[in-house]
Amino acid sequence: MNYVFINWYDEMDDRLMTALSRAEALAGQSQVVVLNYNRFFHRDLQQQQQWFSHVDQNMFDVLNQTMVKPDNPSSLADLRIMADEPTVRQDNVIYFFQNGRKLLAVTLFQNSKNDAELVDSVHYFDPFGNEISGDYYDVRGFKSMSVINGVNGGVAQEVMFDLSGHEKTIFFYQQVHDDVTNTMIQHYDEQMASFTSREQLISYFCRQYGVKEHDTVLLPKSLNFLNGSLPTANVWQWDDQALRSLARDNAVLTWNKLDQTSLSKLLK
């Protein structure tokens, strides 16, 4: 099996996916995995039907166990907000107040119907009007992530959830002088593993996903992998711009013959 990892599927143009589709081994033997989380991922896939068969899944859908669609998408009524009346509504944003101060703001998806106003995000404010946290909903209708803001450069975090609302993935960010460091903690099957880099998290995903020693993995050059950090011995790192250039040249990509010669244009 060949695994092609890309950072953002929507950055890859039509010609790249056309080139991938020409690959002799793509059908049933190659899979494309998107590394970065995007809560509109499934909607975007449906809107770009020519890519749908090529993109296997998003990495965080696997890690957070959110591979399916919930039976009942979250609507405004499901939030059970305890606030004073009246509310203030501006387009698809509804503001709620408590004791005269702004308590929270709910953003609805633009295509929500009046009888089923589906939640896009919820933003919470402190007594001074500063946003302290936000809940973000996947386009499929469940709360997928909460962002908790740090104070004066303090620790901030992003928490991702499964379909039952349990914490699955946590990213911690700490402002240190002018640099931002991060520690990633992954909750999986009621176990907790701690990662200090994105590369470690991807290595963990490959093992959970079932990548074998004889499989081939193509990764963006921007990732810094050490020898032996992945479960496969066949690791290639490609340059995104070179890959897109190759696609624009209408080259035929034969992933089943991954060797130094066939990848020379990608590995420049």
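The values are calculated or read from the model by the stated rules, or taken from the named source; none is laboratory data. As the structure is a computational prediction, the values presented were derived from the model and not from experiment. Backbone-built Cβ (ideal geometry, glycine too); neighbour counts: all protein chains shown. Keep in mind that these areas ignore ligands, DNA and RNA; they rest on the heavy atoms of the full protein, side chains included. Shrake-Rupley method; radii C 1.70, N 1.55, O 1.52, S 1.80 Å.
Brief remarks follow.
- The number of residues in the stretch 164-177 that are out of contact with any strand residue (DSSP E or B) (no Cβ under 9 Å at 6 or more places or on another chain) and buried (at least 16 other Cβ atoms within 10 Å of the Cβ) comes to 0.
- Only listed residue being assigned to a strand (DSSP E or B) and of a type in the set (Gly, Ala, Ser), chosen from Gly150, Gly129, Gly134: Gly134
- Whenever a residue of the stretch 195-210 is closer than 17 Å to Lys221 by Cβ, its partners that are open to solvent by less than 40 Å² (accessible area, probe 1.4 Å) and not aliphatic (A, V, I, L, M), lying with C-beta atoms within less than 6 angstrom and at least six residues away or across chains, give the pairs Glu199/Phe225; Ser203/Ser229.
- When residues in the stretch 133-163 are screened for being of a type in the set (Gly, Ala, Ser), touching a Ser or Thr at 6+ places or on another chain (Cβ under 7 Å) and open to solvent by 20 Å² or more (accessible area, probe 1.4 Å), 1 of them pass.
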